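Data block below; observations after.
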Amino acid sequence: MFYSILFPTREQYDEPRQTDVPVCFKDLNLDQVFAPIFKAKKDFPLEPLFYTPLNNSEVITYRQNIMHELADENLRGLFSDFSASIYRIRQFMNSLRSAMSSEDRWSNNYLARGRMLDFAGRYCHTITTLMEKLSKQTFHAEGLLRFKNYLATYCASDAYQSLTSRIIRLRDNLSTIQYCMMIGDGTVRVRKYEGQTDQSSRIIASFEKFRQGDVKDYRKKLSEDPYADHVEAAVINLVANIYPDIFDDLNRFCSKYFQFDDETIFRFSQEIQFYLSWHDLIAPLRSAGLPFCYPKLCDTPDHLYNSDGFDLALALREKDKIVVNDFELTAPERVIVVTGPNQGGKTTFARFFGQVHYLTSLGVCVPGRKAALYLYDNLLTHFGREEDLSTLNGKLQDDLERLHTLLNQATSRSILVINEIFASTTVSDALLLGGKMMDKLATLGAPTVFVTFLDELALHGPETVSMMSEIRENDPTERSFKIIRKPPDGLAYANHIAKKYRLTYKELGRRIRE
Amino acid sequence: MKANLMFREKDFDLNAEPRFGQDALIADFELNRVLLSMAREDQMIETVCTVALCCPLRETNEIQYRQENLRDALRNPEAVRRLYEITVDTEKKIKSSMHWLSSIYLSSTFSSAIELLKIYISMLMELRTIADRKISDFQSDGFRTLLTMLQRELSDDYFAEINSQLKELKEGNNTLISATIGNYLQGTHYVLRRRERKDTWWRWQFAPSFTIAPRDDAGAKDLAKRRDRAINEVANALAQAAEHLSGFFDMLRRELAFYVGCLNLSDTLQALEMPICFPDLQPLQSCDRSWQNLYDVSLALMKNSAVVSNNLETTNKSLYIVTGANQGGKSTFLRSIGQAQLMAQCGMFVGAACFAAPLRKEVFSHFKKEEDSSMKSGKLDEELSRMSEIVDHLASDTMILFNESFSSTNEREGSEIFRQITLALIENRIEIFSVTHLYAYATAFLENKQTQFLRAERLDTGERTFQIVPGEPLQTAFGSDLYKKIFEKI
């Protein structure tokens, strides 16, 4: 039986969800990644879904399969229209139902009943349209298959069938009505229409012959909605007097079908926005040629990789200038140490590593052409912060305190991202502390990215992988933003930049001799 | 309803993209003075005549159609001027009526449109009157078709019908509106209906009714909005009708403006006792030209007196090289040819006693720029780039008039550039009139049989006659004359 498009079972659905922003969001710029989604989908409560990482591979796979199937743009359009319609209908019906339950003739009148008929009609149209379109669709994802079956059963039910046929009959009858109003001296009189001539067509016929070309359209966009509902309701009452049978039928319809909408379908229309919003977000990046994939979920950290990945928050800002990067950890490797010149893309690389893990735990597709990622229990980050003068703690102390907390929380199943730590101390202190930290990381065995200016740490041991931001030989000032596996080499950049300005030893020697 | 006085079967289009080189033609041939004289301060005439002059017709029958209409206009100047005046008066009356179609209030658009339509109807009646009175005096297809159409379309019955429609719309406080049921039972598709004979007071008095409460302001406003919705289409129809009529009078004015402009110019030139004639236009392939008393119309208008004219008769020539003394009338001569060609090809008379010339697809001019302070070294660049732009538009059976072109560099260089250009053009059947000082250039064509050499005449006494006569280029320049005249006079 189908219950939710986000969770395979009702029990999983009922598990508590996070409502606060996870702490790693700021460091990994995930707040920037999700902001456009929350902004575009204000009507839907998506925040807890994106705030709650899963470590249940059954649920993640359930979502990945659905997300994958929804890569089809037409299918997404279908669900997007459906979701928006059902949402609107539900909103209006909620307020309408309370109006129609009241004794007040001002709100409980033919206009209210007309609106209910209207929404019931839209509801059926929305459901039937989706049903027809889905019937042509072959699904592989379990969640979508189950929803499709649910919908088919619902549509075939007697209750739904009689609802639709009743609406059609009422509409047919109402469309036969054409009446005339004679308005004058504050009074509206109503009779059936009896073929009186249209004034404007006479005028058009008389003057059309002078036409020289296109002319302006002087019609105003006037609302077809009544200005004063009570006058309109009174006029419809007069019309109802002329057509009593049709309007009696409408009254009976309204009491019988007061609650016509289905809860499971409503829930689906809300939940599907999780998938739609994600695809909406990444669609422009995909068309710009950036790859996304569904990572293999790994229970051990023995072989983790991602090829052609990137920092999603950066890509959303500058999709045309994005440089893709790879990482790979093969046992016994656990810790990637990133060194190299500033502004070379080191932090971006660290964020990319953290982001793809977090996103994987949501069940969405992640940056990269191909990936295998860790099914972690906790994602911990430590990014060097702007010095906070309000606290008396020095930066080094602050760094150490945070690092201590982080390492206490971490298990071998955690993911760690540590960026530019110990930048505020002497090199010898930093080396000492960094070395100690590397020892701890080695023992812990959790997959880690560590960005540092200390070359020595990149050679800590067999668990360490050294990566560097790449420097272009021909123009060192031009950054490539590529992070590659390479032994640390802090002098490379300085040499290249000197060459460009003809200030190398050899060059200077020749220039001085000339 | 179309007037079709400019073309037998289409409107005269003022909004067409300006032709390439139009501004250069107007400046080089000094057409502004001609246009001013035609317009007599009427902007419409100036605009229409500018477009007409700068878009030469290529079909003999199109030109003949305009010539025939123009001959008729010259025979019936008063009737043509009166028709034009009606179009001008209409515009004035509409402007001074202070009624605007575009209003934020529909009811205002509605009543303004009715008032404007009344003005238009009265002016239509004036047009009918002229048509009735003058149609027998006209012989041309263009004017006869127009006046017949006015009589047919603006019949007494027609005026009776439209007047009664406007009357019906203006009166009555009861509005009859039809409606259908919308998606939530609200009334939609409001249509203002005519009260038919069956819609008696008695019948409606006992229909089911609803009266709004005395202090129900929202209700009262609702009723007003119902009327707005109903008159939306009608107000639109009325406003569009007014716009159709505005367009109709504009169109009529546009089609008549050219003929009134020609009447004005003809009157002025006749007062100066300068001849005008309808040109004899030969097919595109022809390379023969002949004229008598061809003069620079613009110069006559400026001097407000008779001016020097020229005669010529040539056969099978495609290159005319004009050399000779400075201030000997060469530029004037070149302008008179350009003017005559353009005037002829828009169906006008030309400033000559008689004028025969081939049709040309387009006319281009490449005149030396008198002064160009913005450039110092780039003058030849400028000339070449301007030439290159023209070449983008050149084709067989066009003509181009050069005035002192490529003289911004030394003679040998200029001559060689110009010679190559000229040779390429004439071999591609482009007719050239070239006023030049470049002796090497001019003499390079001495053996060319298609070349007609002309020279500013100088009598043996050294005096200029300002006549241009056949004659090959002479090596000596006449600048020394001028030098003497100016420097040694004292």
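Just so it is clear, none of the values below were taken in a lab; they were calculated from the coordinates. Here the structure is a predicted model, which means the values were calculated and not measured. Backbone-built Cβ (ideal geometry, glycine too); neighbour counts: all protein chains shown.
Some values worked out for this structure:
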quantity: Counting DSSP beta bridges with both ends in the protein assembly as shown, the antiparallel % (nearest 5); calculated: 50 percent
quantity: Within 10 Å of each Cβ in A:231-241, the average number of Cβ atoms from other chains; calculated: 5
quantity: Average beta-carbon neighbours from other chains, 10 Å sphere, peptide B:190-202; calculated: 4
quantity: Distance (nanometres) between label positions extended 7 Å along Cα→Cβ at A:Thr264 and B:Ser286; calculated: 9.2 nm
quantity: Model label zone, B:Ala218; criterion: amide N under 13 Å from point 7 Å along Cα-to-beta-carbon; scope segment A:227-241; calculated: A:227-234
quantity: Violating pairs (Cα-Cα greater than 28 angstrom) within the set B:Lys317/B:Lys361; A:Lys136/A:Lys370; B:Lys92/B:Lys221; calculated: A:Lys136/A:Lys370; B:Lys92/B:Lys221
quantity: Distance from segment A:215-238 to segment B:328-371 (C-alpha centre basis), Å; calculated: 65 Å
quantity: Value of relative contact order over chain B, rounded to a whole percent, pairs C-alpha under 8 Å and six or more apart; calculated: 19 percent
quantity: Protection-proxy order for peptides A:6-19, B:330-343, each taking the mean of Cβ atoms within 10 Å per residue, highest first; calculated: B:330-343, A:6-19
quantity: Relative contact order for segment B:29-137, counting Cα pairs under 8 Å that sit 6 or more residues apart, in percent; calculated: 19 percent
quantity: FRET efficiency estimate (nearest 0.05) - Cβ-Cβ, A:Asp217 to B:Arg82, R0 35 angstrom; calculated: 0.50
quantity: Translational D in µm²/s for the protein assembly as shown (Stokes-Einstein at 37 °C, 0.692 mPa s, Kirkwood Rh from C-alpha pairs); calculated: 85 µm²/s
quantity: For A:220-227, mean number of other protein chain Cβ atoms within 10 Å; calculated: 6
quantity: Pairwise FRET efficiency - A:Thr405 versus A:Asp72, Cβ, R0 = 41 Å, nearest 0.05; calculated: 0.35
quantity: GluC sites (Glu not before Pro), loop per DSSP, at most 14 other Cβ atoms within 10 Å - longest free stretch of chain B; calculated: B:60-170
quantity: Helix runs (DSSP H) in chain B reaching 30 Å along axis by Cα, Kyte-Doolittle at least 0.0; calculated: B:106-134
quantity: Test item: Cα-centred dipole of chain B, Lys/Arg +1 and Asp/Glu -1 on Cβ, debye; calculated: 1500 debye
quantity: Fraction of beta bridges assigned by DSSP in chain B that are antiparallel (%, nearest 5); calculated: 40 percent
quantity: Spacing of the two label points (7 Å from each Cα toward its C-beta) at A:Glu58 and B:Glu153, in nm; calculated: 8.2 nm
quantity: Nearby lysines by direct alpha-carbon distance to A:Lys436 (threshold 24 angstrom, same-chain neighbours under 8 apart not counted); calculated: A:Lys346, A:Lys395, A:Lys486
quantity: Cross-link partners of A:Lys42 among lysines (Cα-Cα below 20 Å; sequence separation of 8 or more within a chain); calculated: none
quantity: Spin-label pair A:Gln12/B:Glu91, simplified geometry with 7 Å Cα→Cβ offset, distance in nm; calculated: 7.8 nm
quantity: Computed E for B:Gln205/B:Glu161 - FRET, C-beta separation, R0 25 angstrom, nearest 0.05; calculated: 0.20
quantity: Inter-part distance where segment B:82-159 and segment A:5-64 are each reduced to a Cα centre, Å; calculated: 72 Å
quantity: Ranked by how many other beta carbons lie within 10 Å on average, peptides A:64-77, A:229-242 from highest; calculated: A:229-242, A:64-77
quantity: Segment A:455-470 and segment A:89-144: distance between their alpha carbon centers, rounded to Å; calculated: 61 Å
quantity: Rg/Rh for chain B, where both radii come from Cα atoms and Rh is the Kirkwood radius; calculated: 1.17
quantity: Using θ = phi - 60° and Karplus 6.51 cos²θ - 1.76 cosθ + 1.60, couplings along segment B:396-407 (whole Hz; Gly, Pro as x); calculated: 4, 6, 9, 9, 9, 10, 9, 10, 6, 6, 6, 9
quantity: Unsatisfied cross-links (Cα-Cα over 26 Å) in the set A:Lys41/A:Lys133; B:Lys10/B:Lys170; B:Lys10/B:Lys93; A:Lys216/B:Lys95; calculated: B:Lys10/B:Lys170; B:Lys10/B:Lys93
quantity: Kyte-Doolittle at least 0.5, axis length at least 24 Å by Cα - qualifying DSSP helices, chain A; calculated: A:427-444
